[in-house]
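So the structure is just underneath, and the comments pick up after that.
None of the figures in this text is laboratory data; all of them are computed from the coordinates on show. Note that this is a predicted model, so its numbers are computed, not measured. A quick note on method: Cβ atoms are made from the backbone with ideal geometry, for glycine too, and the neighbour counts reach across all protein chains shown.
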Amino acid sequence: MTSPIALLALIGVLYTAGVYLILERSLTRVLLGILVLGNATNVLVIVAGGRAGAPPLVGTAPESAMSDALVQALVLTAIVITLGITAFLLALIHRTWTLEREDDLTEDVEDRSVRRRLERGEQADEEELDTTGCENTADTDPDDTEAAPDPAPATVGTGREEPT
Amino acid sequence: MNPGSTLLATLMPLPVLLPLLGAGATLVLSRRPTLQRVLSVAVLAAVVVIAALLLVAAVQNGPIVVTVGSWPVPLGITLVADPLSALMLLTSMSVTLAVLVYAIGQGVYDRDEATPITIFHPTYLVLAAGVANAFLSGDLFNLYVGFEVLLMASYVLLTLGGTRSRVRAGVTYVVVNVVSSLVFLVGIALVYAAVGTLNLAQISTRMEAVPPGTALAIHLVLLTAFGIKAAVFPLSAWLPDSYPTAAAPVTAVFAGLLTKVGVYSIIRTETLIFPDSAVTQTLLLVAAGLTMLVGALGAIAQADIKRILSFTLVSHIGYMIFGVALATPLGVAGAVFYVVHHITVQATLFCVVGLVEGVGGSTSVTRLGGLMRASPILAVLWFVPAINLGGIPPLSGFVGKLGLVQAGVADGSALAWVLVAVSVLTSLLTLYAVTKVWVLAFWRPAEQIPVPDEPDPTADQDEDGGDDEQEDGVPAARASSDGGLPGAPAPRTGTLTSVRPGTARTIAGAEGNTGAEVDWPVARTAPADGVPLLSGRLLGAPGDRVSRRLPKVMAGATCALVALGLALTVVAGPLYDVADQAAVDLVARTPYIDAVFAQTVDDRVAR
């Protein structure tokens, strides 16, 4: 099987860009990264089906000259799945935005509490609320969105302008 | 074809079909909660019965194969129920059913007619369908689809309610799992490029002709994908981050099922497609040892019970990988038995934590105490699965670990001996972690809980807002509650420090209106007896404010799970025989391959 160099190069470029994007802290970029990676993978699956040929319709061409229809079916399935995931991730990102006023992935409260406890030398850390309790008090607190606007635009601004 | 096998062939697709149809029906019935509940339970109960039938048939007569749509084998989708698949299906669906009853008791679904929680039942059934599809699939791409179906459902379940913590955890979870699915898809493309088929049986026969280097590359790609899904050590960091935030029944079913689908896939690929790969066996042994140790050490460092359990979950995945990596019938049998044991025990423990949260108002051992006096039943419900997880004889955890240790000793290589030592050590560390919970949360008298003189619920929140520099200073956290940091939302402080039992209900009620939190209605409505039990829940107050009543349905479902765990101990002998037979079949490979290819001469195809 000969490999189409152009497609292979495209796959390489897409994977590079996708990996770069997905390592960003900004969620929108992560989503773009997932889309790019998904497309790279789809092209890879197409390439795995071998050389492009005649449309795989019975009777229109000799069977040996046809493209592999299976990989196209697989890619269609994969595209549909990616579409669903993209929609869901967009909803999540939007929700993050309404809750946090920022596009970045926030840190894990419990992780930090453990780290802090270790720094203080294993004392039982009574400053900490349990995760559920403290999340409960903060989630969708109406004050949050009202109190946040001052610092928030600055954060968002820097987040977007840093890489340029 | 005799009538019996025709009946089985008819039943085979039902574990996938029934939940999917049920999902559609429950979606339509979203305004009729009672019908929704009855339907979901009925569907899953039917699937459990079918899975039991499939297991009996598969153990007696060998793998059952159904070609969907009667397409000849390499072309169509193949469903295969060999003893391994059927056993996994039966275990997982039993646990799914019990957790569903638990969730109904918790009232995750209908705390408010207007909230999207009515999607709980449809999503849960889709998850069950995805799991069943993954277990029964005889085709690599269908396995991928099964994964995607269960993952899509799990994304929704994990972020139910869309609260801050769940969205944060959800983003991590979704991104990690999407990446692992993409890696899996790459693996599928490579397999297809190498052997030109995606049917597992056909891949396994053709893979022998593939050059070893290419085969190894494909193998590693697939292992990476499954390793992320199964949370094997270097790829496991996402799990303790995302699981603990979800609602208790969701975490329970995730912990029981999702990683085990990954483990199942690893077992399947290791035994069927790549049976003799010394490189990856060494790799898997090392990964298994590290998974066990790192997970167990992580569990010890945590204070939140849900997190402790998430880390033990990671840790015990190592046992199963250990068994698979040995690649002997003994090792694989140990792994299969361990999967069954672990699905049950881990789901049980997460259900118990849900009850602990309801009774004690917290899941952090620093804020819990006196639970044994408050609720002796709860103490028993925790104690039995906890020591089961720790591997105390004669419980099933001990049997599973013993089987794996025997397999390791029989293997005799230096690395296997190291793994035997590590697995014993991990067992002790696990015991330490769960005993710590027992001592602090259950044994410690409630009066001994160190109560902060002034509850300071904003400490985390302020730092959450970005003041990371303040982390290491207790005074800084104090200052936030006294005067408030610049930029910190001050009103919240005032509201929360003044929470008293009387006002707590109002706060929770106000939050309920925003459709934010799913766990709390449990506390608010106290299912089964209707008495509002909210006093002290927000701050996890000790002593007289601890409710002594367990919600009946939730406790009943948890009891059923504990009983199932104990039943595994009672029937450990026959169960281990089944696991042995499954392992012998898996290692021999021929029963599976022959059963699939025998299907090509099925007379129904020659129509």
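Here are a few things to note about the model shown:
- In order along segment B:272-281, phi translates into HN-Hα couplings of 8, 8, 10, x, 10, 10, 4, 4, 6, 5 Hz, rounded to whole numbers, per the Karplus curve 6.51 cos²θ - 1.76 cosθ + 1.60 with θ = phi - 60° and x for Gly and Pro.
- Projected label distance in nm at residue A:13 and residue A:118, using a 7 Å step from Cα toward the beta-carbon: 4.4
- Principal semi-axes of the equivalent ellipsoid, √(5λ) from the alpha carbon gyration tensor of segment A:5-100, are 34, 16, 6 Å from largest down.
- Distance from segment A:1-78 to segment B:150-229 (C-alpha centre basis), Å: 16
- Between the amide H of residue B:364 and those of B:305, distances stay under 5 Å, these residues lying 5 or more places away or on another chain, with hydrogens modeled in the peptide plane.
- Alpha-carbon Rg/Rh ratio, for segment B:305-395, with Rh computed the Kirkwood way: 1.07
- Least to most buried among B:449, B:305, A:46 (fewest other Cβ within 10 Å first): A:46, B:449, B:305
- Between segment B:280-311 and segment B:559-589, the C-alpha centres lie 24 angstrom from each other.
- Segment B:27-70 versus segment B:328-352: alpha-carbon centroid distance in Å: 22
- Length added when fully stretched, residue A:91-residue A:73, from 0.36 nm per residue minus Cα-Cα: 3.7 nm
- Residue-wise HN-Hα coupling along segment B:356-372, computed from phi with Karplus coefficients 6.51, -1.76, 1.60 (Hz; x: Gly, Pro): 4, 4, x, 7, x, x, 7, 10, 9, 5, 6, 10, 10, x, x, 5, 5
- Local electrostatic count at residue B:83 - Lys and Arg +1, Asp and Glu -1, tallied over other residues with Cβ under 14 Å: -2
- For segment B:8-19, putting each phi into the Karplus relation 6.51 cos²θ - 1.76 cosθ + 1.60 with θ = phi - 60° gives couplings of 5, 4, 6, 6, 3, x, 5, x, 8, 5, 4, x Hz, in residue order, rounded to whole numbers and with x for Gly and Pro.
- Computed label-point distance, nm, for sites residue B:282 and residue A:101 using a 7 Å Cα→Cβ extension: 5.6
- For residue A:104, distant residues with modelled amide H under 5 Å away: A:27
- Using 0.36 nm per residue and subtracting the Cα-Cα separation, the extra length available between residue B:552 and residue B:6 on full extension is 192.4 nm.
- Relative contact order of segment B:359-418, pairs being alpha-carbon contacts under 8 Å that are 6 or more residues apart, as %: 13
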